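Data block below; observations after.
The values are calculated or read from the model by the stated rules, or taken from the named source; none is laboratory data. These numbers come from a predicted model, not from an experiment. Glycine also receives a Cβ, built like all others from the backbone with ideal geometry; neighbour counts cover every protein chain displayed. The area values use the complete protein model at the heavy-atom level, side chains included, leaving out ligands, DNA and RNA. Shrake-Rupley method; radii C 1.70, N 1.55, O 1.52, S 1.80 Å.
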Amino acid sequence: MTAPTLRLPDALAALRDRLVAAPFGLATPGRDAARHSAHAVADQIDDYLLPRLRDLDAPLLTVVGGSTGAGKSTLVNSLVGAPVTTAGVLRPTTRSPVLVCSTADAGSFSGDRVLPGLPRVTGAGGGPGTVQLVARDDVPPGLALLDAPDVDSVVESNRELAGQLLAAADLWVFVTTAARYADAVPWDLLRTAQERGTALAVVLDRVPPEATAEVAPDLAGMLDRAGLAGARLFVVEERPLVDGLLPEDQVAPLRSWLHGLAADQEARAAVVRQTLTGALDSLEQRVTGIADAVDEQARAADALRTATAAAYAGAREGVDEGVRSGTLLRGEVLARWQEFVGTGEWMRALQGQVSRFRDRVVSAVTGRPTPADGLQDALENSVERLLRAEADRAAERTVTGWRALPGGVQLMGDDDRELEQVSPDFPEAAAAQVRDWQGAVLDLVRSQGADKRSRARLLSWGVNGAGAVVMVAVFAHTGGLTGGEVAVAGGTTALGQRVLEAVFGDAAVRSLADRAREDLEQRAAELLAFEQARFDRRVDEVVPDPSAAEELRAAVRDLGVVRRAAA
Ligand SMILES: Nc1nc2c(ncn2[C@@H]2O[C@H](COP(=O)(O)OP(=O)(O)OP(=O)(O)O)[C@@H](O)[C@H]2O)c(=O)[nH]1
Ligand SMILES: [Mg+2]
């Protein structure tokens, strides 16, 4: 059986992997904070929790943190009694951390046991992203001091690094000054320390001697009210420095407290336990917050997809409506239709008197082998225009919808103008589909166009002519209505309808037209699906895994189970 304590690192590593993979591609309101938090938790697992669990007896890592110019580097030098880290008048001075430890402990800190992402260098000049390691014989074993960059830096990388270092600490030595002890950023960090139960000491530095009596109790009160009464408070008065170091009487109390910890294995273990337990306890709440933000991502993705789907459903309906309403038969198509079936008195005379004129119509039409090309071209253009208009409208509606939704604007980026209309391939694809449709209609007419009698009439027009007639029928024949009931696009088209019925027979026209219409609507749906996919792909790319939030919650639940089993 595996000892439960051995499984805790596995559970943490699994959680870390989930955090690193958490999708935050959509600019939702909670995104940035949650992404930051996910990185911070993942870093803390790598930088602190895993190394600490692997070796509970490893020396304490004490991180000296606080505002720029608070005197952190000066304090570290004074504690050590030598200029191990650079103090300076330019703000901020410390850019890359300096870790001072006993020579005996150098092995604990020289590798990647703690802070594995920050390579160690010896000697100054390692630069940002490194930790300068200083091993000294005169530093007692058991406790290392890390001089950190400022927590409220104007330099963003400094701030982030400081946060990462504090999360990696067994013990925070928080340095603030008489002038700045009420600043917001340090207090945010102190509250974090309180929430996580991190072992903490506070140094009130650079206090004008005459102000000590007033300022120190004020800060102690603030700590108390923040639930940090347990933190040790050290006061260091601002005095002239000697060789860059604080006078011995000012630094001695803090030094002896730290040395006491270093020497006392029990006390050290208590500090480790406190910070370790606090960090582990804090994970559930932190990860829950991150998982909620991942849910927010999923909801935002759904909203974007829904907006897209609605726009393109509208486009499909628009096409169907356009096909059924007869509007496609206006203008050029109508003119070509009249040209095709012939114009003249008999057409007008036909109105209302189909049966009487049927035979004349049929003979008139069959007797005129007018080329159907003009009609076909006109139909093609008319259908393409409809498809284009609906696809353009859907693209525009989607873009408008996305602009109003969380993450939508960022997801489009600079492409919004391009997305607002059909894709560049659309016109060609639409033309090809319409041509294919016309071919399919011709095939339909050829293979099963109506009964024998009407097919004979049809074919006397030639397949092209017959196909064109069926296409007109598609647009003239509204669902369920027949013959005289239909008044499509004015009397002239209704007339066209009657001509068709005279030629085909009513039922045959309807059946052919229905099938041809279904085919066209199917092709339109395919074209629109292709257009819609441009939008869906963007969403899919940034929110790939719908179960991410649940997996995060499961990972933190597993951690709880392992911890309870170990307890
Ligand atoms: N006279 C006097 N000067 C001090 C004292 N503490 C710090 N200083 C000076 O204040 C300046 C800033 O001190 P640092 O130790 O560099 O401050 P820091 O907190 O490390 O600053 P960053 O690295 O920028 O975050 C330096 O010029 C120090 O010499 C003190 O107690 N007395
Ligand atoms: Mg410094």
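Residues in the range 226-252 that are open to solvent by 50 Å² or more (accessible area, probe 1.4 Å), within 9 Å of ligand 1 (Cβ to nearest atom) and of a type outside the set (A, V, I, L, M, F, W, C) were compared, and the one that is nearest to residue 176 (Cα to Cα) is 238. Scanning the range 536-567 for residues that are in contact with a Leu (Cβ under 7 Å, 6 or more places away or on another chain) and among the small types (Gly, Ala, Ser) returns 555, 566.
Residues of the range 133-168 that are within 16 Å of ligand 1 (Cβ to nearest atom) and under 22 Å from residue 55 (Cα atoms): 134, 145, 146, 164, 165, 166. State whether one or more residues within the range 95-102 are modelled with pLDDT of 95 or more, of a type in the set (S, T, N, Q) and away from ligand 2 (no atom under 16 Å from the Cβ). Yes; the residues of the range 95-102 include at least one that is modelled with pLDDT of 95 or more, of a type in the set (S, T, N, Q) and away from ligand 2 (no atom under 16 Å from the Cβ).
Just checking, which of 82, 34, 58 is within 16 Å of ligand 1 (Cβ to nearest atom) and not basic (Lys, Arg)? Spell out how you get there, then give the answer.
Details: 34 fails: within 16 Å of ligand 1 (Cβ to nearest atom); 58 fails: within 16 Å of ligand 1 (Cβ to nearest atom).
The conditions single out 82.
In this entry, residue 169 is excluded by the filter for residues that are surrounded by 24 or more Cβ atoms within 10 Å (Cβ to Cβ) and within 29 Å of the chain's Cα centre (by Cα).
Residue 546 passes every criterion in (1) more than 30 Å from residue 426 (Cα to Cα); (2) in a helix (DSSP H, G or I) apart from (2).
Among the candidates 551, 531, the residue that is assigned to a helix (DSSP H, G or I) and open to solvent by 30 Å² or more (accessible area, probe 1.4 Å) is uniquely 551. May I ask you to list the residues in the range 131-179 that are within 17 Å of residue 115 (Cα to Cα) and among the charged types (D, E, K, R)? Matches in the range 131-179: 147, 159, 160, 170.
Which ones in the range 287-339 are among the aromatic types (Phe, Trp, Tyr) and assigned to a loop (DSSP other than H, G, I, E, B)? Working first, answer last.
Taking the range 287-339 first, the residues among the aromatic types (Phe, Trp, Tyr) are 312, 337.
Within the range 287-339, none qualify.
Scanning the range 75-104 for residues that are buried (at least 21 other Cβ atoms within 10 Å of the Cβ) and either in a helix (DSSP H, G or I) or in contact with a Phe, Trp or Tyr (Cβ under 9 Å, 6 or more places away or on another chain) (or both) yields 75, 76, 77, 78, 79, 99, 101. Of the residues making up the range 200-244, those that are away from ligand 2 (no atom under 16 Å from the Cβ) and either out of contact with any Lys or Arg (no Cβ under 9 Å at 6 or more places or on another chain) or without any contact (Cβ under 8 Å) to a residue 12 or more places away in the chain (or both) number 30.
Regarding the range 68-75, can at least one residue be identified that is away from ligand 2 (no atom under 16 Å from the Cβ), among the basic types (Lys, Arg) and modelled with pLDDT of 90 or more?
Checked the range 68-75: no residue is away from ligand 2 (no atom under 16 Å from the Cβ), among the basic types (Lys, Arg) and modelled with pLDDT of 90 or more.
Among 324, 330, which is over 14 Å from residue 474 (Cβ atoms) and modelled with pLDDT of 50 or more? Steps first, answer last, please.
Values: 324 fails: over 14 Å from residue 474 (Cβ atoms).
Result: 330 is the single residue among 324, 330 that is over 14 Å from residue 474 (Cβ atoms) and modelled with pLDDT of 50 or more.
Being open to solvent by less than 20 Å² (accessible area, probe 1.4 Å), assigned to a helix (DSSP H, G or I) and touching a Leu at 6+ places or on another chain (Cβ under 9 Å) is the filter here, so list the residues in the range 402-431 that pass it.
Going residue by residue through the range 402-431, those that are open to solvent by less than 20 Å² (accessible area, probe 1.4 Å) are 402, 407-408, 412, 419, 422-423, 426, 430-431.
From the residues that got through so far, the ones that are assigned to a helix (DSSP H, G or I) too are 402, 408, 412, 419, 426, 430-431.
The answer is 402, 408, 412, 426, 430.
Considering the conditions (1) under 31 Å from the mean Cα position of the chain (by Cα); (2) within 16 Å of ligand 2 (Cβ to nearest atom); (3) open to solvent by 10 Å² or more (accessible area, probe 1.4 Å); (4) closer than 23 Å to residue 268 by Cα, residue 134 is excluded by exactly one of them, (1).
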